[in-house]
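The next block holds one structure in the form of structure tokens; read it before the comments.
The values are calculated or read from the model by the stated rules, or taken from the named source; none is laboratory data. Keep in mind it's a predicted model, so treat the numbers as computed, not measured. As a convention, Cβ positions derive from the backbone with ideal geometry for all residues, glycine included, and neighbour counts pool all protein chains shown. Note: areas computed on protein heavy atoms with side chains; ligands, DNA, RNA excluded. Shrake-Rupley method; radii C 1.70, N 1.55, O 1.52, S 1.80 Å.
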Amino acid sequence: MTVLRRIGAVIVGMIVAFLLVAGAEGIAHKLFPPPPGTNMQDMAQVKAFVATLPLSVLLIVLTGWLIATFVATWLAARIAGTPIPGYIVGALLLCAGIANAFIIPQPVWFSIASIVIYIGATWVGARAGAPSVPR
């Protein structure tokens, strides 16, 4: 049953992360929507749009990723009773963030910040969510 609980913890963590990231990015798009007629499937148009994003919108996205990573890794560790599922969720989010950096053109500082956020929030979230082990 422990293995199923850990797998479930990872699944729940990923769902929560997805919902929180979608919420943060939804807020960013409400504050700074793409120009009318922008085809978000065309990477040239996406690159042009991302280049126009103000710092405030980029910081909202990074904040959303930070919150999502912390909450998702904390929750996975809490459900499983061990930090390992939290670390797995964090590793999956880090992989998604790295892929995102290659797929969607973004400033280098933004990519570096996102990697730092994924690693740091994973470490803190997974450790905070796991029960303390008496020494």
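With contacts taken as Cα pairs under 8 Å and at least 6 residues apart, the chain reaches a relative contact order of 33 percent. Label positions at Phe102 and Val50, each projected 7 Å from the Cα along the C-beta direction, are separated by 1.3 nm. Taking 0.36 nm per residue of separation and subtracting the current Cα-Cα distance, fully stretching the chain between Thr63 and His29 would add 10.8 nm. Of [x] 15.8, 46; [y] 16.4, 61; [z] 17.8, 68, which is the value of Rg and Dmax of the Cα atoms in Å derived from the coordinates here? Evaluating Rg and Dmax of the Cα atoms in Å on these atoms matches [y]. For the chain, a crude dipole built from +1 on the beta carbon of Lys and Arg and -1 on the beta carbon of Asp and Glu, taken about the Cα centre, is about 480 debye to the nearest 20. Charged neighbours of Gly81, selected by a Cβ distance under 11 Å, balance to +3 (K, R count +1; D, E count -1).
So with the 1.4 Å probe, I'd like the accessible area per residue for the stretch 1-63, rounded to whole Å².
On the way: 4190 Å² over 63 residues.
On a per-residue basis, 67 Å².
Stretched out straight at 0.36 nm per residue, the stretch from Ala22 to Asp42 would grow longer than its current Cα-Cα span by 5.2 nm.
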